[in-house]
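Student: For reference, the structure I am asking about is given below.
The values are calculated or read from the model by the stated rules, or taken from the named source; none is laboratory data. Since the model is a prediction, treat every value here as computed from it, not as a measurement. Here the Cβ is made from the backbone with ideal geometry for all residues, glycine too, and neighbour counts use every protein chain on show.
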Amino acid sequence: MQASPRPGALVVSIDFELHWGTRDHTDASGVVARQLVASRQIVPRLADLFVERGVRATWATVGFLFASSAEQLASFNPTLRPSYARRELDPYREPLGTDEEDDPVHFAGSLVDRLAAASGQEVASHTYSHYYCLEAGQDHAQFSADLAAARAIAVSRGVASRSLVLPRNQWRADYAPAAHDNGFDCLRGPQPAWGHRPRRVDEEGPIVRAARLADSYAGVRPPPTFAWDEIVESTGLCNVPASAFVRPFSPARRAIEPLREARLRSGLRDASRRGRIFHIWWHPHNFASHPAQSFGLLERLLDEFERLAVSDGIQSLAMGDVAEVLLGPPPPGREVGERTP
């Protein structure tokens with residue numbers, strides 16, 4: 001086996017979306033609201049841990065969350081909005097409170113500021129409105145308008161990024177020009193397995209969810225890792241695909257948790273020894289219900305990463321770092337993971 005000319009890399013991306021990521025099938029009340037509010041405490045805790053351990057991470061943040069109030073959000077809303085055939089998918093119909101204090105599950109400007117100030121943390125885009133690229137009714141022009149709004153509201157907080165994560169992994173290659181036109185040249189593609197392939201919301205179901213659950217515990221070992229020369233697509237975008245979702249801890253599956261951890265460790269080792277990329281991701285709310293177990297798993301993975309960094313030279317990279325290695329630095333004034341001047 002020919003050795004890679006580059007060292008392996010651990011890429012971590014976090015989908016930061018609060019209620020915008022689940023609003024089409026949950027309301028912001030009761031247990032859901034409590035978990036989402038609790039997840040706000042997970043965000044700085046994760047960021048502090050990453051800074052402490054020298055881990056670079058990409059925080060794919062829904063553009064709506066950059067706002068601290070309904071008034072501020074309204075000033076960035078695009079005129080051209082997604083015309084989904086299924087009205088329940090339209091986020092602009094969501095009832096909103098006045099500001100971040102009044103409505104902590106829909107506004108998070110203070111947390112965005114905290115992330116932007118944290119060393120090595122790339123504040124990236126999860127689109128402006130948690131946009132669904134594969135749903136009926138929407139089109140390329142609406143997607144481009146959404147990304148333009150995402151960049152505008154980010155710049156208003158002094159943040160610029162080249163990285164984009166598509167909600168529900170609903171990516172389509174013919175939308176690449178919209179990404180380029182709005183300053184994005186790096187994306188997270190879906191994990192290469194049947195249960196993770198891009199599909200519409202109405203194509204999700206028990207069989208698909210069961211396939212993804214089984215993959216976390218009994219999927220191929222090691223999980224997919226990626227060669228550096230596979231990353232740049234013909235579109236010119238860097239596609240840094242997902243390797244594994246760090247699934248929430250479940251007491252009901254406590255007996256098989258070692259299988260999940262062993263699989264994640266095997267991905268780290270494969271990437272490290274073969275000079276490949278291992279990309280893990282999750283949401284802050286995935287750590288909210290059982291934080292001790294979730295952070296315990298993460299700490300053990302980072303311990304393994306540090307051992308492999310010494311033995312094999314594996315690096316910690318944000319998605320934007322991968323793009324910089326392969327495409328070069330961003331244009332002046334668009335420093336990745338940091339505030340613009």
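Student: Of everything in the range 106-163 that's farther than 23 Å from GLU52 by Cβ and among the charged types (D, E, K, R), which residue is surrounded by the most Cβ atoms within 10 Å (Cβ to Cβ)?
Tutor: ARG162
Student: Tell me the residue from SER75, SER69 that is farther than 27 Å from SER119 by Cβ and in contact with a strand residue (DSSP E or B) (Cβ under 7 Å, 6 or more places away or on another chain), please. Break it down into steps so the answer makes sense when it comes.
Tutor: Working: SER75 fails: in contact with a strand residue (DSSP E or B) (Cβ under 7 Å, 6 or more places away or on another chain).
That would be SER69, the only listed residue that is farther than 27 Å from SER119 by Cβ and in contact with a strand residue (DSSP E or B) (Cβ under 7 Å, 6 or more places away or on another chain).
Student: Residue pairs, Cβ under 6 Å, 6 or more apart or interchain, first in the range 230-258 and surrounded by 19 or more Cβ atoms within 10 Å (Cβ to Cβ) and at pLDDT below 85, second among the charged types (D, E, K, R) and assigned to a helix (DSSP H, G or I). List them.
Tutor: Pairs that qualify, where the first residue is surrounded by 19 or more Cβ atoms within 10 Å (Cβ to Cβ) and at pLDDT below 85 and the partner is among the charged types (D, E, K, R) and assigned to a helix (DSSP H, G or I): there are none.
Student: Could you list all residues from the range 224-277 that are among the hydroxyl-bearing types (Ser, Thr, Tyr) and part of a loop (DSSP other than H, G, I, E, B)?
Tutor: Correct list: THR225, SER234, THR235, SER243, SER250.
Student: Looking at the range 96-105, can you tell me whether even one residue there is without any contact (Cβ under 8 Å) to a residue 24 or more places away in the chain, exposed (fewer than 15 other Cβ atoms within 10 Å of the Cβ) and not in a helix (DSSP H, G or I)?
Tutor: For the range 96-105, residues without any contact (Cβ under 8 Å) to a residue 24 or more places away in the chain, exposed (fewer than 15 other Cβ atoms within 10 Å of the Cβ) and not in a helix (DSSP H, G or I): present.
Student: Being free of Cβ contacts under 8 Å to residues at least 60 places away in the same chain and over 18 Å from the mean Cα position of the chain (by Cα) is the filter here; which residues of the range 144-170 pass it?
Tutor: Hit for the range 144-170 is SER144, nothing else.
Student: Please enumerate the residues belonging to the range 7-32 that are in contact with a helix residue (DSSP H, G or I) (Cβ under 8 Å, 6 or more places away or on another chain) and part of a helix (DSSP H, G or I).
Tutor: LEU18, HIS19, TRP20, GLY21, VAL32
Student: Hey, can you tell me all the residues within the range 103-149 that are polar (S, T, N, Q), within 26 Å of ASP321 (Cβ to Cβ) and touching a Lys or Arg at 6+ places or on another chain (Cβ under 8 Å)?
Tutor: Scanning the range 103-149 gives GLN121, SER125.
Student: If you don't mind, another one. Would you confirm whether any residue within the range 188-206 is within 20 Å of the chain's Cα centre (by Cα), surrounded by 14 or more Cβ atoms within 10 Å (Cβ to Cβ) and at pLDDT 95 or above?
Tutor: Yes, the range 188-206 has at least one match.
Student: Let me ask something else. Within the set of pairs 6+ apart or on separate chains, which have a first residue in the range 22-51 that is modelled with pLDDT under 95, a second that is among the acidic types (Asp, Glu), and C-beta atoms under 7 Å apart?
Tutor: Close Cβ pairs (under 7 Å, with a partner that is among the acidic types (Asp, Glu)) amount to ARG23/GLU94; ASP24/GLU88.
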